[in-house]
Amino acid sequence: MHTRRIGDVEVSAIGLGAMPMSIEGRPGEERSLATIHAALDSGVTLIDTADAYHRDADEVGHNETLTAKALASHDRGGDVLVATKGGHLRPGDGSWTLDGSPGHLKKACEDSLRRLGVEAIGLYQFHRPDPRVPYAESVGAIRDLLDEGKIRMAGVSNANPEQIRQANDILGGRLVSVQNQFSPAFRSSEPELRLCDELGIAFLPWSPLGGIAKAGELGSGHAPFARIAEAHGVSPQRVCLAWMLAKSPVVVPIPGASRPETIRDSLAATDLDLTTEELAELDTA
């Protein structure tokens with residue numbers, strides 16, 4: 001497995017996005033555990049989760065608990081960097097709400113520590129800006145958690161360039177990751193990707209294949225990805241991830257998966273070399 005860096009930690013160049021194993025339409029636990037174990041067997045050392053990745057109101061942290069169970073039952077579980085997040089909530093009716101208050105973030109971190117069964121969270125990210133709370137106050141809570149040793153590294157998610165710079169300042173230059181949506185159909189995070197490249201901060205594209213409902217449509221909706229995939233004898237999804245990896249050494253995609261075969265295919269993107277011409281075509285696709 002090829003590797004990249006988040007802060008001072010070396011991780012697999014592609015991580016596993018665990019959200020599909022906990023929200024609506026999720027598989028049974030046996031298949032979810034098999035999916036995580038397949039990722040570990042293939043060399044994954046980064047798993048992305050969040051306390052808000054759950055379906056029902058009474059199961060907050062379902063995905064963190066599932067991730068912890070999978071890691072504890074695998075001999076490579078201790079080698080994994082678990083990235084989790086706080087500040088997003090799911091009332092249980094399918095909607096998403098926000099709470100970026102320092103008090104909530106600090107309690108959320110404590111709850112995540114308990115569910116993950118660790119003394120310090122490897123990477124903790126502020127999930128999404130809350131318009132009711134000054135951004136500096138939310139990130140200030142993340143800084144406090146970092147200073148207290150509750151988290152080893154700090155990141156932000158769904159942030160614009162100004163917020164990235166502000167967060168890095170508040171954290172005293174210790175911002176290690178930005179997790180934003182980025183895919184062939186959603187490219188508005190290009191400025192954030194370029195800024196992360198400039199600052200040496202890991203950029204973690206979420207829903208890199210277009211999201212749970214759209215991943216299978218990648219080939220039909222974006223013809224160049226399908227054509228280049230056919231030329232190489234691989235899936236359009238694999239081409240998509242290889243294209244992302246080629247954009248910058250700070251890019252670490254975290255494709256979601258809920259089947260072992262899906263994450264195995266995604267991970268094979270690290271061995272797919274696209275030509276300069278192919279990359280240029282995909283950039284404008």
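Among the candidates Gly100, Gly149, Gly140, Gly155, which residue alone is surrounded by 15 or more Cβ atoms within 10 Å (Cβ to Cβ) and part of a loop (DSSP other than H, G, I, E, B)?
Values: Gly149 fails: surrounded by 15 or more Cβ atoms within 10 Å (Cβ to Cβ); Gly140 fails: part of a loop (DSSP other than H, G, I, E, B); Gly155 fails: part of a loop (DSSP other than H, G, I, E, B).
Result of the check over Gly100, Gly149, Gly140, Gly155: Gly100.
For the subset of the stretch 83-97 comprising residues that are assigned to a loop (DSSP other than H, G, I, E, B) and either of a type in the set (D, E, K, R) or touching a Cys at 6+ places or on another chain (Cβ under 8 Å) (or both), which member is most open to solvent (accessible area, probe 1.4 Å)? Reasoning before the result, please.
Going residue by residue through the stretch 83-97, those that are assigned to a loop (DSSP other than H, G, I, E, B) are 87, 90-96.
Then keep just the ones that are either of a type in the set (D, E, K, R) or touching a Cys at 6+ places or on another chain (Cβ under 8 Å) (or both); that gives 90, 93.
Details: Arg90: 20, Asp93: 116 Å².
Selected residue: Asp93.
Scanning the stretch 23-49 for residues that are surrounded by fewer than 17 Cβ atoms within 10 Å (Cβ to Cβ) and among the charged types (D, E, K, R) yields Glu24, Glu29, Glu30, Arg31, Asp41.
Please state which one of Thr65, Thr97 is hydroxyl-bearing (Ser, Thr, Tyr) and either under 22 Å from Leu145 (Cα atoms) or touching a residue at least 60 places away in the same chain (Cβ under 8 Å) (or both). Reasoning before the result, please.
Numbers: Thr97 fails: either under 22 Å from Leu145 (Cα atoms) or touching a residue at least 60 places away in the same chain (Cβ under 8 Å) (or both).
Only one candidate qualifies: Thr65.
The residues of the stretch 223-255 that are under 20 Å from the mean Cα position of the chain (by Cα), surrounded by fewer than 24 Cβ atoms within 10 Å (Cβ to Cβ), not in a helix (DSSP H, G or I) and not aliphatic (A, V, I, L, M), listed by number, are Ser248, Pro249. Count of the stretch 1-22 residues, restricted to those that are open to solvent by 20 Å² or more (accessible area, probe 1.4 Å) and either without any contact (Cβ under 8 Å) to a residue 60 or more places away in the chain or farther than 29 Å from Gly94 by Cβ (or both), is 9.
Among the conditions (1) more than 17 Å from the chain's Cα centre (by Cα); (2) among the aliphatic types (A, V, I, L, M); (3) within 21 Å of Ala167 (Cα to Cα), the only one that Leu123 does not satisfy is (1).
Looking across the stretch 158-192, just one residue is of a type outside the set (A, V, I, L, M, F, W, C), open to solvent by 20 Å² or more (accessible area, probe 1.4 Å) and part of a strand (DSSP E or B), and that is Gln181.
Has the stretch 62-75 got at least one residue that is farther than 29 Å from Ala13 by Cα and of a type in the set (Lys, Arg)? Working first, answer last.
The initial filter retains those residues of the stretch 62-75 that are farther than 29 Å from Ala13 by Cα, namely none.
No: zero hits.
Yes/no per residue for (1) touching a helix residue (DSSP H, G or I) at 6+ places or on another chain (Cβ under 8 Å); (2) more than 20 Å from Val176 (Cβ to Cβ); (3) modelled with pLDDT of 95 or more:
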position: His2; (1), (2), (3): yes, no, yes
position: Ile6; (1), (2), (3): no, no, yes
position: Val9; (1), (2), (3): no, no, yes
position: Gly15; (1), (2), (3): no, no, yes
position: Pro20; (1), (2), (3): no, yes, yes
position: Ser32; (1), (2), (3): yes, yes, yes
position: Val44; (1), (2), (3): yes, no, yes
position: Glu59; (1), (2), (3): no, yes, yes
position: Leu66; (1), (2), (3): yes, yes, yes
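The set of residues in the stretch 118-132 being farther than 16 Å from Val80 by Cβ and open to solvent by 60 Å² or more (accessible area, probe 1.4 Å) consists of Arg128, Pro131, Arg132. Residues in the stretch 78-97 that are under 18 Å from the mean Cα position of the chain (by Cα) and more than 26 Å from Val139 (Cα to Cα): Asp79 alone.
Could you list, in sequence order, the residues of the stretch 8-57 that are assigned to a loop (DSSP other than H, G, I, E, B), of a type in the set (D, E, K, R) and more than 21 Å from Cys109 (Cα to Cα)? Walk me through how you get there before you give the answer.
Pass one, the stretch 8-57, residues assigned to a loop (DSSP other than H, G, I, E, B): 8, 13-15, 18, 22-28, 42-45, 49-57.
Now drop any that are not of a type in the set (D, E, K, R), which leaves 8, 24, 26, 51, 55-56.
Residues satisfying the conditions are Asp8, Glu24, Arg26.
Residue selection: Glu64 fails the criterion of being of a type in the set (Asp, Glu) and open to solvent by 40 Å² or more (accessible area, probe 1.4 Å).
The values are calculated or read from the model by the stated rules, or taken from the named source; none is laboratory data. Here the structure is a predicted model, which means the values were calculated and not measured. Note that each Cβ is placed from the backbone with ideal geometry, even for glycine, and that neighbours are counted across all protein chains shown. Areas reflect the complete protein model, heavy atoms only, side chains present, ligands, DNA and RNA absent. Shrake-Rupley method; radii C 1.70, N 1.55, O 1.52, S 1.80 Å.
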